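Below is one structure, written out as structure tokens; comments come after it.
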Amino acid sequence: MVLQSFKNCLWLSCVLRTPKACFWSTAGGGLIIQSVSSDVYQNLAVEDWIHDHMDLEKQQILFLWRNSPAVVIGRHQNPWQECNLRLLRQKNIKLARRRSGGGTVYHDLGNINLTFFTTRKKYERMGNLKLIVKALKALRPQLDVHVTDRYDILLDRQYKISGTAAKLGRTSAYHHCTLLCNADKSVLSSVLKSPYKGLKSNATPSVPASVKNLFEEDASLTSEMLLDAIAKEYAVQHQIDHHITLINPADETLLPGITNKTKELQTWEWVYGKTPKFSVSTCFNMAYKDSVLHVKVNMDVKHGRIEVCNIDLPEQWLPPGLYSELVKGLTGSKFCPNETTALVTTLLRVYPQDDELHSRWSLLCENMIRLM
Amino acid sequence: VYIHRVRSCSSIRFIKSKYVCVFDKSALKFSHQQRLFRTSPVSCGQIVQFKLSDIGEGITEVTVKEWYIKEGDSVSQFDSICEVQSDKASVTITSRYDGIIRKLHYSIDDIAFVGKPLVDIEIDASKGVAPEEDVVETPPMSHEEHTHQEIKGHKTLATPAVRRLAMENNIKLSEIVGTGKDNRILKEDILNYLAKQTGAILPPSPKAEIVPPLRKTEAVPAAPKDKARRIPVPVSRPIAFSGKDKTEPVTGFQKAMVKTMSAALKIPHFGYSDEIDLTQLVQLREELKPLAELRGVKLSFMPFFIKAASLGLLQYPILNASLDENCQNVTYKASHNIGVAMDTEQGLIVPNVKNVQVCSVFDIAVELNRLQSLGSAGQLGTSDLTGGTFTLSNIGTIGGTYAKPVILPPEVAIGALGKIQVLPRFNGKGEVFKAQIMNVSWSADHRIIDGATMARFSNLWKSYLENPASMLLDLK
């Protein structure tokens, strides 16, 4: 594989000096490319770019990529429902929303991603998954892997090692899937567990499954070996050279417009704002001095912003003016802990500065922020 | 007969009320025609039911997840209409026709059926209909610059007239400013562009978005021939700028800032500025930076500015006070919680370092590092952002020399620090030397703070920074 990469680099350096049209046109009906980046946004942007700009009539594409730790939710999912956002922020794990449907996955370098690009007419997921299974069996004949009718790949008939999602446009389509080689399962299970209660939404829910790494089955396997085996099988089936071309997702000359696509995938409006409308109906207890207050909260969130906000507090616990400022301030604001923290601390400035008020305000606001 | 009358008469409303109750069936047909007449300049289009096409893999039903258009919107062929989902596949449905959306057959989260109507589109009968099957031959990449423009993030095929003009004249659509809906490029836009290039005069185009078939198409091939004979005259119309105003509601943190700043401006501010020679401090920091790094801390100038301010506040505690709402009482705050203005994604946030009066310069540096990394990660807590008693704004890191900072209630003073510049100054011997100069601009609440107090505080602060060794004398 080292020699292969070296050959690729040489080939790539020649290619870079040629016009970009030459990069994309190869002999044969297929092209295998691999990303040099582990940034989830850059890699998703490459998928978008190929989907929007490439003519896949004459040539199908297989795109291989891996990401540093990230949680990727499906197009129509609710991140609050799907993962522990607090934990993600603490551990500095990125959150991305992809354009394809399906459920939530955890990516790290021990997980590989494969995207099969075809024309809309040639879109066919089963074939792609069977290709992967064939490649795995060629590499390790004793592996018990098979494709289910839910488009998952199972190991030993029980553990999910691959999940699938797809995107169809007017003339082109892509099917991408993951393959668990050596991912951190403990991080995976902790980040994919949502602590948020009382959420009601029509967002696509994920179906939890027991997972296992291929590495656990056979410790001699590495991500590189798997990528190579799959590329080889793809090459055979498409009658092309077993040749992986490296691609840099930051190359604006090769992929004009890619920088904008990458930026868009990182905006709050895309990642959180595209969440289908949902409501939060929950309560919390606040221990204040000698009493415990039971507070009920109801919020409707649309486009990631609080449309309606109701906080059921004992009357006069906060000065009425301040209470209504809080509700008014939250309405229309992002359902986001950072935004809310900035909002509530700024609101406090114009109120009389007594410690009692401060501590009540902080207590209530901190509980509200925990809901986000 | 009645229909003809409607078209020729200007006051439609009058006619409608007059006829609707008298005639039943014909009146209904009447009002239907009226509706068409009012909403589109083109006379009656044909309503076509756009059916949900085959998704593949034998799928018969999908869930509608998002609409990109609403009833009344006009669409062009290949525009995105909606997003549907089926079994982990997200599908973008695009329009087969140019026209106006008249009816959406489903709401969000409804199940839609393949082969059943998805939307009703009113098409211009004269334009014709695109073929049933999806267009298989995509225009090869090299021509896309003449045929496609990006609208709302989707690469969209331009209208046939626009494509032809662009190809014939070798124009890249990305270079044209579109004046149609969502910046769509209309034929007029290409003609205007051409006119600017050749200096030819073009006949004025109609303002309507839906363009009836123009006789004027013939004018374009004539232009090159005319050019030879005509002296180019600048186009008399102003340059079409299609940028649209964008109105957004003020929400969240911004809304709170509106309140705070409105309250702040009720405070009578007075300003006081001065110039500080930081030459000695710059050198001191250079010496101390590696020591701090060994302890894992980045040392900037701010810890020194903050500590010096706290030492000054010990002498002039009124600057660390708060005036109550009715201006009846002044509260002298015991803690020096010095706020540091920070530029984050949200805007200008002011976390504060607590109890600077009992912190060393190093302690302050550690705390600043913590606040800065939380600030850039968007994870500052409520306690970090409340309780401030005095603020320093280091706007100089972005630029500027003098400023007029606004006091942040409930505080009574604020200082804005300009950038450090190397400037020529005279020393005691009358010689010119290179000095590291920074300007400071203070604002204070004139109701309880007078100019003399501010000046003396500033002088003390300045003396600590110009001669850092003097800080040692007063450190607690």
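What Kirkwood hydrodynamic radius do you get for region B:46-123 when you take the inverse of the mean 1/r over all pairs of distinct Cα atoms, in Å? Kindly include the intermediate steps, with their values, before the conclusion.
Values: mean 1/r = 0.0811 Å⁻¹.
Its Kirkwood hydrodynamic radius stands at 12.3 Å.
Given points 7 Å out from each Cα along the Cα-Cβ axis, report the B:Val250 to B:Lys434 separation in nanometres with one decimal.
4.6 nm
Mind telling me which of A:Tyr351, A:Tyr234, A:Tyr151 comes out most flexible in a GNM of chain A, alpha-carbon contacts under 10 Å?
Per the Cα network of chain A with a 10 Å cutoff, A:Tyr351 tops the list.
Determine the residues within region A:343-358 where the difference in accessible area between the chain on its own and the full set of protein chains amounts to at least 20 Å²; count protein heavy atoms only and use a 1.4 Å probe.
By number: A:Leu343, A:Thr345, A:Thr346, A:Leu347, A:Arg349, A:Val350, A:Pro352, A:Gln353, A:His358.
How do B:60-70, B:324-334 rank on mean C-beta neighbours within 10 Å, highest first?
Put in order of decreasing packing, that is B:60-70, B:324-334.
State in Å² the accessible area per residue of region A:278-371; use a 1.4 Å probe, count heavy atoms of protein chains only, and round to the nearest integer.
43 Å²
Rounded to the nearest 0.05, what FRET efficiency do B:Glu466 and B:Thr331 give with R0 = 45 Å and r taken as the Cβ-Cβ distance? Could you check?
Values: r = 32 Å, r/R0 = 0.71.
FRET efficiency, B:Glu466 to B:Thr331: 0.90.
Using unit Cβ charges (K, R positive; D, E negative) and no other charged atoms, how large, in debye to the nearest 20, is the dipole of chain A about its Cα centre?
Numbers: 45 positive and 36 negative charges, 155 e Å.
The dipole of chain A has a size of about 740 debye.
Return one whole number: the accessible area per residue of region B:46-123 in Å², for a 1.4 Å probe.
Ligands and nucleic acids excluded, the figure is 37 Å² per residue.
With every protein chain left in place, what is the accessible area per residue of region B:430-476 in square angstrom, probe 1.4 Å? Each step should come with its number before you reach the end.
Working: 2190 Å² over 47 residues.
Computed with neighbouring chains in place, this is 47 Å² per residue.
Per residue of B:245-254, how many C-beta atoms from partner chains lie within 10 Å of its own C-beta, taken as a mean?
Mean number of neighbouring Cβ atoms from other chains: 5.
When the Karplus curve 6.51 cos²θ - 1.76 cosθ + 1.60 is applied with θ = phi - 60°, which whole-Hz ³J(HN,Hα) does each residue of region B:185-190 get, with x for Gly and Pro?
7, 9, 4, 4, 5, 5
Take B:Val358 and A:Asp156, extend 7 Å from each Cα along the Cα→Cβ direction, and tell me the distance between the two endpoints in nm.
5.8 nm
Separation of region B:240-258 and region A:249-309 by C-alpha centroid, Å?
20 Å
Taking Cα centroids, how far is region A:313-348 from region B:324-401 in Å?
21 Å
So how far, in whole Å, is the C-alpha centre of region A:168-222 from the one of region B:74-123?
Between the Cα centre of region A:168-222 and that of region B:74-123, the gap is 30 Å.
Of A:Lys134/A:Lys232; A:Lys185/A:Lys334; A:Lys91/A:Lys193, which ones are farther than 22 Å apart at the Cα?
Values: A:Lys134/A:Lys232 11 Å; A:Lys185/A:Lys334 32 Å; A:Lys91/A:Lys193 15 Å.
Where the Cα-Cα span goes over 22 Å, the pairs concerned are A:Lys185/A:Lys334.
May I ask for the accessible area buried between chains A and B, both sides summed, probe 1.4 Å, to the nearest 100 Å²?
The buried area between A and B, both sides summed, comes to about 4700 Å².
Per-residue counts of other Cβ atoms within 10 Å, averaged by peptide: what ranking do you get for B:297-310, A:206-219, highest first?
Result, highest mean first: B:297-310, A:206-219.
How large are Rg and Dmax for region A:30-272 when calculated on the C-alpha trace, in angstrom?
According to the Cα coordinates of region A:30-272, Rg and Dmax are 17.2, 54 Å.
Could you pull out every residue, at least 5 positions away or on a different chain, whose amide H is within less than 5 Å of the one on B:Asp110? Hs are placed 1.01 Å off N in the peptide plane, and Pro or chain starts have none.
Placed amide hydrogens put B:Val64 under 5 Å from B:Asp110.
Just to be sure I understand the rule: take each whole DSSP H helix in chain A, project its Cα atoms onto its long axis, keep it if the span is 18 Å or more and its mean Kyte-Doolittle hydropathy is at least 1.0. Which ones pass?
Membrane-span-like by this criterion, though nothing is claimed about a membrane: A:2-16.
If I model a spin label as a point 7 Å beyond the Cα along the Cα-Cβ vector, how far apart are those points for A:Gln316 and B:Asp109 in nm?
Modelled inter-label distance: 4.1 nm.
Roughly how crowded by other chains is peptide A:330-342, in terms of the mean Cβ count from those chains within 10 Å of each of its Cβ atoms?
The per-residue average across the peptide is 6.
Return the average number of partner chain Cβ atoms within 10 angstrom of each residue Cβ along peptide A:116-126. Numbers along the way, then the final one.
Values: counts 0, 0, 0, 3, 7, 5, 1, 5, 2, 5, 1.
Across the residues of A:116-126, the mean count of other-chain Cβ atoms within 10 Å is 3.
Using a 1.4 Å probe on the protein chains only, how many percent of the accessible area of region B:368-476 belongs to carbon and sulfur?
Within region B:368-476, the accessible surface is 57 percent carbon and sulfur.
Set the Förster radius R0 to 51 Å, insert the Cβ-Cβ distance between A:Gln142 and A:Ala250 as r into 1/(1 + (r/R0)^6), and round the FRET efficiency to 0.05.
Calculated value: 0.80.
Convert each backbone phi in region A:114-119 into a coupling constant with the Karplus relation 6.51 cos²θ - 1.76 cosθ + 1.60 (shift: θ = phi - 60°), then list the ³J(HN,Hα) values in order as whole Hz, x for Gly and Pro.
10, 10, 9, 9, 9, 6
For region A:232-271, just say rounded, prolate or oblate: build the C-alpha gyration tensor, square-root its eigenvalues into a ≥ b ≥ c, call rounded for a/c under 1.5, and beyond that prolate if a/b exceeds b/c, oblate if not.
Because a/c hits 1.5 or more and a/b exceeds b/c, region A:232-271 counts as prolate.
With springs only between Cα atoms under 10 Å apart, run a GNM on chain A and tell me which of A:Ser37, A:Ser189, A:Ser291 wobbles the most.
Of A:Ser37, A:Ser189, A:Ser291, the Gaussian network model singles out A:Ser291 as fluctuating most.
Once the Cβ-Cβ distance between A:Leu109 and A:His303 is put in as r, and R0 is 45 Å, what FRET efficiency do you end up with, to the nearest 0.05?
0.85
Straight-line reach from A:Lys277: which aspartates and glutamates fall under 18 Å, measuring Cα to Cα and dropping same-chain residues less than 8 apart?
Candidates past the 8-residue exclusion: A:Glu82, A:Glu269, A:Asp300, A:Glu307, B:Glu66, B:Glu83, B:Asp109, B:Asp110.
In chain A, what percent of the accessible surface is made up of carbon and sulfur (1.4 Å probe, ligands and nucleic acids excluded)? Don't skip to the end; give the middle numbers.
On the way: 8200 of 15410 Å².
Exposed carbon and sulfur together represent 53 percent of the surface.
The values are calculated or read from the model by the stated rules, or taken from the named source; none is laboratory data. Note that the coordinates shown come from a computational prediction; the quantities given were computed from them, not determined experimentally. Methodologically, a virtual Cβ is constructed for each residue, glycine included, from the backbone with ideal geometry; neighbour enumeration extends over all protein chains shown. All accessible areas refer to the heavy atoms of the entire protein, side chains included, with ligands and DNA or RNA removed. Shrake-Rupley method; radii C 1.70, N 1.55, O 1.52, S 1.80 Å.
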